[in-house]
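Novice: Okay, here's the structure, questions in a sec.
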Amino acid sequence: MTLPNKSLGQHWLHDVATLEAIVRFAGVEPGDAVLEIGPGLGTLTQALLNAGATVYAVEYDAALAAALPERINSPHLQVEQADVLQYDLSTLPANYKVVANVPYYITSAIVRRLLESSNPPASVTLLVQKEVAERIAAQPGAMSLLSVSAQFYAHVTLGPIVPAWLFTPAPKVDSQVAKLDYTGPRFNNVEPRTFFRVVKAGFAERRKKLRSSLAGGLQLPKTDIDELLATANISSEARAQELSLEEWHKLVNAIVD
């Protein structure tokens, strides 16, 4: 019996109906190329194969990676033992889809890695903690670096909620499916690197007002930040989580102009 590795956030999902619902929500069709991150025991892998996909499974756990081809013998399954954050996404077919059950601590890094790739996926469907799914889809007032990163590149839709008791071992909270349909960078007149340099500075100290976080992160006097905020028509009393992507865009333009 293969036991989950707690340090890797492994929780096995075996409920067939739920697995099939995830695959349907991901829009997987016959002939699709699907990157599955962390296939584990292969339950989601099998559901993807049943839907007619060719699955490129990237598994960090060496023992699980070695066992998966023996557990699932399919010509439409390729397994590689690797860290997905180091995996060469350019080797995948264009317009591939991503479907994965990922631990919360790596979600943000995975989202940025996929959506900023030179070979981005057509869509990313992730089963994550419900709170994390809600953070990905958050609106102004509850935004975070994760939601800004996701929504800068993709349209976000929330899907089925998966109760904790369906997992082995059961996590402490329920999970939810989030789908990110890739649209490309939201604004075509600003470099993503420049945009996120400002956003990261704004979120660096969430408990402080935006003017203080930006002053520290960008190493500018607060008087200069006040002028930039005024140019972007943003209150000097605002906090980073309150800004929409359009307001971040105005602020970045005010800074780089």
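Novice: Dipole of region 6-182, Cα-centred, from +1 at each Lys and Arg C-beta and -1 at each Asp and Glu C-beta, to the nearest 20 debye?
Specialist: Numbers: 10 positive and 16 negative charges, 72 e Å.
For region 6-182, the charge dipole is close to 340 debye.
Novice: If you count, for each residue, the other Cβ atoms within 10 Å and average over each peptide, how do 213-222, 126-135 line up from highest to lowest? Can you show the working numbers first?
Specialist: On the way: 213-222: 16.4, 126-135: 20.9.
Result, highest mean first: 126-135, 213-222.
Novice: How big, on average over all directions, is the shadow cast by the Cα convex hull of region 163-209, in nm²?
Specialist: On the way: hull surface 24.9 nm².
Mean shadow area of the hull around the Cα atoms is 6.2 nm².
Novice: Taking the alpha-carbon centroid of each part, what is the distance from region 19-93 to region 120-144 in angstrom?
Specialist: 21
Novice: Here's something else I'd like to know. Could you tell me the calculated FRET efficiency between ASN189 and HIS76, based on Cβ-Cβ distance and R0 = 45 angstrom, to the nearest 0.05? Please report the intermediate quantities before stating the final value.
Specialist: Working: r = 42 Å, r/R0 = 0.93.
Computed FRET efficiency for ASN189 and HIS76: 0.60.
Novice: Name the shape class, rounded, prolate or oblate, that the alpha-carbon gyration tensor gives for the chain, where a ≥ b ≥ c are the square roots of its eigenvalues, rounded holds for a/c under 1.5, and otherwise prolate holds if a/b is larger than b/c and oblate otherwise. List each step's numbers first, then the result.
Specialist: Values: a/c = 2.46, a/b = 2.03, b/c = 1.21.
Taking the square roots of the gyration eigenvalues as a ≥ b ≥ c, the chain is prolate.
Novice: With all pairs of different alpha carbon atoms counted, what Kirkwood hydrodynamic radius in Å does region 1-112 show?
Specialist: Details: mean 1/r = 0.0706 Å⁻¹.
Result for region 1-112, one decimal place: 14.2 Å.
Novice: Compute the convex hull volume of the Cα atoms of region 192-256, divide it by the residue count, and report the result per residue in Å³ as a whole number. Mind dumping the intermediate values first?
Specialist: Details: hull volume 4.5 nm³, N = 65.
Value for region 192-256: 69 Å³ per residue.
Novice: Continuing with the same structure: Region 76-209: D in µm²/s via Stokes-Einstein (Kirkwood Rh, Cα pairs, 20 °C, 1.002 mPa s)? Intermediate values should be presented prior to the final figure.
Specialist: Values: Rh = 16.0 Å.
In µm²/s, the coefficient is 134.
Novice: While we're on this one: Under the 0.36 nm per residue contour assumption, what length would be gained going from the current alpha-carbon distance of ILE161 and ASN50 to full extension?
Specialist: On the way: separation 111, 0.36 × 111 = 39.96 nm, distance 2.21 nm.
Roughly 37.8 nm would be gained on extension.
Novice: Moving on to the next point. Towards the positive end of the charge dipole of the chain, with charges on Cβ (+1 Lys, Arg; -1 Asp, Glu), say which of VAL132, LEU214, THR45 has the farthest Cα.
Specialist: Going by the Cα projections, it comes out as LEU214.
Novice: Take the cross-link list LYS172/LYS208; LYS97/LYS250; LYS200/LYS222; LYS130/LYS250; LYS130/LYS209 and give me the ones stretching past 25 Å between alpha-carbons. Walk me through the numbers before you get to the answer.
Specialist: On the way: LYS172/LYS208 30 Å; LYS97/LYS250 32 Å; LYS200/LYS222 17 Å; LYS130/LYS250 31 Å; LYS130/LYS209 28 Å.
From the list (LYS172/LYS208; LYS97/LYS250; LYS200/LYS222; LYS130/LYS250; LYS130/LYS209), the Cα-Cα distance tops 25 Å for LYS172/LYS208; LYS97/LYS250; LYS130/LYS250; LYS130/LYS209.
Novice: Report for the chain the percent antiparallel among DSSP-assigned beta bridges with both residues inside it, nearest 5. Please report the intermediate quantities before stating the final value.
Specialist: Working: 16 of 35 bridges.
Percent antiparallel among DSSP bridges in the chain is about 45.
Novice: Moving on to the next point. Based only on the alpha carbon positions, what is the Kirkwood hydrodynamic radius of region 116-187, in angstrom? Before the final figure, lay out each step's value.
Specialist: Values: mean 1/r = 0.0777 Å⁻¹.
This gives a value of 12.9 Å.
Bear in mind these aren't lab numbers, they're just calculated from the coordinates by the rules spelled out. If you're wondering where the values come from, they're calculated on a predicted model, not measured in any experiment. For neighbour counting, all protein chains shown are included, and Cβ atoms are generated from backbone atoms with ideal geometry for every residue, glycine included.
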